[in-house]
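The values are calculated or read from the model by the stated rules, or taken from the named source; none is laboratory data. Treat the numbers as computed from the prediction; the structure is a model and nothing was measured. Here the Cβ is made from the backbone with ideal geometry for all residues, glycine too, and neighbour counts use every protein chain on show. Accessible surface is based on the protein model in full, side chains and every heavy atom, while ligands, DNA and RNA are left aside. Shrake-Rupley method; radii C 1.70, N 1.55, O 1.52, S 1.80 Å.
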Amino acid sequence: MTAKIIVFANEKGGTGKSTLAMHTIIALLRAGKTVASFDLDANQGSLTHYIENRQNFARDKNIPLPMPEHTCWTPDIAKIYTLRSQIDKVINRVDAIIIDTPGAHTDLGGQAMVMADCLVTPLNDSLVDLDILATVEADTLRIKGPSHFAQTVWSTRQQRMLERKPPINWIVVRNRLLYSKSKNSRTMSILLNALARRIHFTLAGGIAERVVFRELFLKGLTMLDFRDNNIHVPSTVSANTARQELGVLLHQIWGSDILVETK
Ligand SMILES: Nc1ncnc2c1ncn2[C@@H]1O[C@H](COP(=O)(O)OP(=O)(O)OP(=O)(O)O)[C@@H](O)[C@H]1O
Ligand SMILES: [Mg+2]
């Protein structure tokens with residue numbers, strides 16, 4: 001077994017990397033896969049805190065919840081090990097390795113991207129966020145060229161080619177979509193579809209804005225933990241639609257053999 005390495009990266013902060021990384025981890029665990037996770041954003045530690053909250057909740061409520069084998073990449077660990085050596089320790093033991101990276105350009109994030117079989121870039125539905133992928137002419141909406149992060153992905157792809165590694169499956173997912181069909185949303189669709197062809201990524205279905213994503217953090221729960229008794233993750237129509245959206249994303253990340261339960 002060689003684990004599939006899935007890296008969540010976007011040099012822009014606050015786009016949903018940690019939230020979607022956690023949901024991917026739990027979706028895979030609930031589908032019977034074994035998962036190791038790495039938080040390369042030790043300063044903020046959102047993914048690590050999310051997992052710690054989950055451990056505390058499971059212990060306090062005495063509910064066995066599926067957990068990944070987690071490492072927070074603290075300066076103490078970084079002093080002793082390289083990221084590659086720690087990945088190599090688990091790569092033949094688990095089905096998936098999920099790596100969450102900081103919302104800024106870092107060497108460590110770059111190292112993770114070179115290892116990625118699948119790179120997931122969540123994007124808020126805003127032209128400000130799109131700016132990390134491409135610069136766009138205001139009047140004509142013509143794409144002038146790729147921006148810094150797109151160029152980083154391009155050099156990562158070149159490096160992988162030199163190392164004779166298979167190409168990265170790059171998925172861009174619009175996150176926190178609003179229900180109202182605004183002009184901004186239509187413009188984003190047009191530009192992202194054009195960009196997907198030009199800089200070669202798959203545009204994922206998209207995840208709507210739902211307050212419940214924020215509320216679940218403190219208990220370490222995800223939208224996919226709704227089956228266990230005494231947990232009270234909502235099972236409303238809106239929550240089921242969220243699970244369907246996550247299911248589409250998981251298919252794009254993992255392939256069609258993954259089942260995300262919706263109701
Ligand atoms: N689909 C969603 N609906 C509502 N809120 C969301 C959604 N996705 C993420 N959020 C919220 O958006 C904020 C940013 O999410 P998150 O921390 O996952 O982003 P990030 O990209 O990891 O940020 P950073 O770059 O700072 O690490 C959080 O408050 C999170 O709860
Ligand atoms: Mg984060």
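Quick look at the numbers
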read-out: Given (1) under 23 Å from residue 233 (Cβ atoms); (2) open to solvent by less than 40 Å² (accessible area, probe 1.4 Å); (3) more than 16 Å from ligand 2 (Cβ to nearest atom), index of the condition residue 59 fails; value: (2)
read-out: Close pairs (6 angstrom Cβ cut-off, 6 or more residues apart or separate chains): within 13 Å of residue 15 (Cα to Cα) and touching a residue at least 12 places away in the same chain (Cβ under 8 Å) in the range 202-214, away from ligand 1 (no atom under 12 Å from the Cβ) and acidic (Asp, Glu) anywhere; value: none
read-out: Set 185, 189: member being at pLDDT below 95, within 16 Å of ligand 1 (Cβ to nearest atom) and not β-branched (Val, Ile, Thr); value: 185
read-out: Candidates 184, 230 - the one that is open to solvent by 30 Å² or more (accessible area, probe 1.4 Å) and either among the aliphatic types (A, V, I, L, M) or in a loop (DSSP other than H, G, I, E, B) (or both); value: 230
read-out: Residue that is most open to solvent (accessible area, probe 1.4 Å) [pool: residues in the range 1-56 that are of a type outside the set (A, V, I, L, M, F, W, C) and in a strand (DSSP E or B)]; value: 4
read-out: Meets criteria (assigned to a helix (DSSP H, G or I) and open to solvent by 80 Å² or more (accessible area, probe 1.4 Å)) for residue 243; value: no
read-out: Pick from the range 57-92, criterion outside any helix (DSSP H, G or I) and of a type in the set (A, V, I, L, M), ranking: farthest from residue 112 (Cα to Cα); value: 63
read-out: Some residue of the range 198-216 being within 26 Å of residue 154 (Cα to Cα) and exposed (fewer than 13 other Cβ atoms within 10 Å of the Cβ); value: no
read-out: Some residue of the range 114-122 being part of a strand (DSSP E or B), under 21 Å from residue 45 (Cα atoms) and among the polar types (S, T, N, Q); value: yes
read-out: Residues that are more than 16 Å from ligand 2 (Cβ to nearest atom) and free of Cβ contacts under 8 Å to residues at least 60 places away in the same chain, drawn from the range 10-46; value: 29, 32
read-out: Where a residue in the range 102-118 is at negative phi and its partner, wherever it lies, is surrounded by fewer than 18 Cβ atoms within 10 Å (Cβ to Cβ) and of a type in the set (D, E, K, R), with Cβ under 9 Å and at least six apart; value: 111/84; 114/163; 114/165; 115/84; 115/165; 117/165
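So that you can scan it fast, the table gives a plain yes or no per residue for (1) within 16 Å of ligand 1 (Cβ to nearest atom); (2) closer than 21 Å to residue 24 by Cα:
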residue	(1), (2)
94	no, yes
97	no, yes
101	yes, yes
106	yes, no
121	yes, yes
132	yes, no
